[in-house]
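First the structure, in the form of structure tokens, and then the observations on it.
The values are calculated or read from the model by the stated rules, or taken from the named source; none is laboratory data. Please read these numbers as outputs of a predicted model, since none were measured by experiment. Counting neighbours? That spans all protein chains shown, and the Cβs are built from the backbone with ideal geometry, glycine included. Quick note on the areas: whole protein, heavy atoms, side chains included, nothing else; ligands and nucleic acids left out. Shrake-Rupley method; radii C 1.70, N 1.55, O 1.52, S 1.80 Å.
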Amino acid sequence: AASMSVVEHVREMASAGLHSNVRLLSGLLLTMSGNNPELFSPSQKYQLLVYHADSLFHDKEYRNAVSKYTMALQQKKALSKTSKVRPSTGNATSAPQSQCLPSEIEVKYKMAECYTMLKQDKDAIAVLDGIPSRQRTPKINMMLANLYKKAGQERSSVTSYKEVLRQCPLALDAILGLLSLSVKGAEVASMTINIIQSIPNLDWLSVWIKAYAFVHTGDNTRAINTICSLEKKSLLRDNVDLLGSLADLYFRAGDNKNSILKFEQAQMLDPYLIKGMDVYGYLLAREGRLEDVENLGCRLFNISDQHAEPWVVSGCHSFYSKRYSRALYLGAKAIQLNSNSVQALLLKGAALRNMGRVQEAIIHFREAIRLAPCRLDCYEGLIECYLASNSIREAMVMANNVYKTLGANAQTLTLLATVCLEDPVTQEKAKTLLDKALTQRPDYIKAVVKKAELLSREQKYEDGIALLRNALANQSDCVLHRILGDFLVAVNEYQEAMDQYSIALSLDPNDQKSLEGMQKMEKEESPTDATQEEDVDDMEGSGEEGDLEGSDSEAAQWADQEQWFGMQ
């Protein structure tokens, strides 16, 4: 009995991490067992199946692994039945062996991992749900909490996250999970208070929890202030996660300049940073910095092509180069890699919208809103879809809802005004809302653009020029310079209009409308009234519209891939 059994050799190799060797040997032994059922005891069969399944899991053959794990659990059932009936058959090694059996709970966790990799979340939940709550380890509770959250079962999710915190009070991601399910910051903090008081240098944790509570209630201003106060603490200075959160918050608050600065800072500190780089790429693309976007995409693909971010960044490059079918394909690939990627959903939604597939686009924006109910840009995307399909009423309902849920700030006021501008009845209301927004934030670009649009309709060019000069006093923005150019043309200030178009084009060389403005002026030094009218009507602030350009052959080429990536 001194020599090791062959099953023990398999176990030794498994714990030594020799997966490919385990896979070959256990495969052969299982065949022997099938041909002679008496060869191995039930407990040995159980072990062989588990080690074999583990090696399949390691080779990413999840469906095969699940079937072997399932067989292992059936074997375990038979084992527990027989072990009650007959005592061990006199051989001394079988007693310690039961201690070495792979844990059944670990097997179920592995099964759930397989199911999530196979995108069968319901099955994953079912397996983990079957484990009595007393026997659930922290990682099982964490996985369950995430799965429940994704499935929209919020109460079960909260219960599981709380269970993780009870077991591990410093599980910060579980804390974020609770905050994202609108559990109050104070309640979450109370679950960690003992540990904060008993360990030195953790006094920042309660502030950290407070900061992310603000993030998840959509209070961007207070979230920014709180994280800045953490960032200033010498011990947490230059933390990449905090800088990334800060960049994201500036972005949500519509402060793109500061957002880009913080992303650059984070990237300098950690050249392998992936998280948040999709938002960074989107911002660069919006600013017309397409070469930077291309470089960022290449860098990210070098770091990992298994994350959504590089695909989204590359997709933003395509989108802003008006290659919508390619952007669509890249967005779909990103969603396939990470179904929670809000940025990928927004990219794919915008591409579908610009290709005229508005109903499909709406589905994507709704899903983005479900995942990020505090992000204004998700609602903006949906509202643009409604306006594109002339559902002004639905757009109005949605804009009013956002205004109520996210509060009256410059961004929500402007969004509501944008919809009001589409309806002749609500022009006055739009004016009031925009003035309110500009009182709160005189430099908020979207509000300035919409207000200029209103003034041009009323042909109040002098007021418009004053508004734009004021907004451009402490910032430079392509769209504002271009619109100022349009207004100057309207009051016959050609030379200065030319200067403004040039500045706009130096900021974004791809800005089509500035080019058109310049060409019009070069054609006719003194435009007639008709062209003034047309010139002003044509003004649109977003710079994101445009029909599907790019040849049919390109569209066809991506269409093949579309089927391949199982897009809706």
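Per-residue answers, yes or no, for (1) at pLDDT below 90; (2) part of a helix (DSSP H, G or I); (3) open to solvent by 70 Å² or more (accessible area, probe 1.4 Å); (4) among the polar types (S, T, N, Q):
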| position | (1), (2), (3), (4) |
| --- | --- |
| Met4 | yes, no, yes, no |
| Val7 | no, yes, no, no |
| Ser33 | no, yes, no, yes |
| Asn64 | no, yes, no, yes |
| Ala72 | no, yes, no, no |
| Ala78 | yes, yes, no, no |
Does Phe40 count as among the aromatic types (Phe, Trp, Tyr) and part of a loop (DSSP other than H, G, I, E, B)? yes
Identity of the residue in segment 403-434, out of contact with any Leu (no Cβ under 6 Å at 6 or more places or on another chain) and open to solvent by less than 10 Å² (accessible area, probe 1.4 Å), that ends up nearest to Glu384 (Cα to Cα): Val419
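When segment 445-464 is examined, which residues are found to be small (Gly, Ala, Ser) and open to solvent by 30 Å² or more (accessible area, probe 1.4 Å)?
Residues satisfying the conditions do not exist here.
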Give the residues of segment 177-208 that are in contact with a His (Cβ under 8 Å, 6 or more places away or on another chain) and crowded, with 18+ Cβ neighbours inside 10 Å, sorted by residue number. Leu179, Ser180
Determine if segment 209-225 includes at least one residue that is among the aromatic types (Phe, Trp, Tyr), crowded, with 20+ Cβ neighbours inside 10 Å and touching a Phe, Trp or Tyr at 6+ places or on another chain (Cβ under 9 Å). no
Quick check, is Asp547 exposed (fewer than 13 other Cβ atoms within 10 Å of the Cβ), modelled with pLDDT under 80 and in contact with a helix residue (DSSP H, G or I) (Cβ under 8 Å, 6 or more places away or on another chain)? yes
Does any residue in segment 449-462 that is within 12 Å of Leu421 (Cα to Cα) come within less than 8 Å, Cβ to Cβ, of a residue that is open to solvent by 70 Å² or more (accessible area, probe 1.4 Å) and modelled with pLDDT of 85 or more six or more places away or on a different chain, and which pairs are these? Leu455/Asp463
Mind listing whichever residues of segment 347-359 are open to solvent by 20 Å² or more (accessible area, probe 1.4 Å) and part of a helix (DSSP H, G or I)? Arg353, Asn354, Val358, Gln359
When residues of segment 314-336 are filtered for being over 11 Å from the mean Cα position of the chain (by Cα) and open to solvent by 20 Å² or more (accessible area, probe 1.4 Å), how many remain? 10
When segment 125-162 is checked residue by residue, the ones that are hydroxyl-bearing (Ser, Thr, Tyr) and outside any helix (DSSP H, G or I) are Thr137
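Just to be sure, is Ala308 touching a residue at least 40 places away in the same chain (Cβ under 8 Å), open to solvent by less than 20 Å² (accessible area, probe 1.4 Å) and within 14 Å of the chain's Cα centre (by Cα)? Steps first, answer last, please.
Working: touching a residue at least 40 places away in the same chain (Cβ under 8 Å): no; open to solvent by less than 20 Å² (accessible area, probe 1.4 Å): yes; within 14 Å of the chain's Cα centre (by Cα): yes.
Criteria not met by Ala308.
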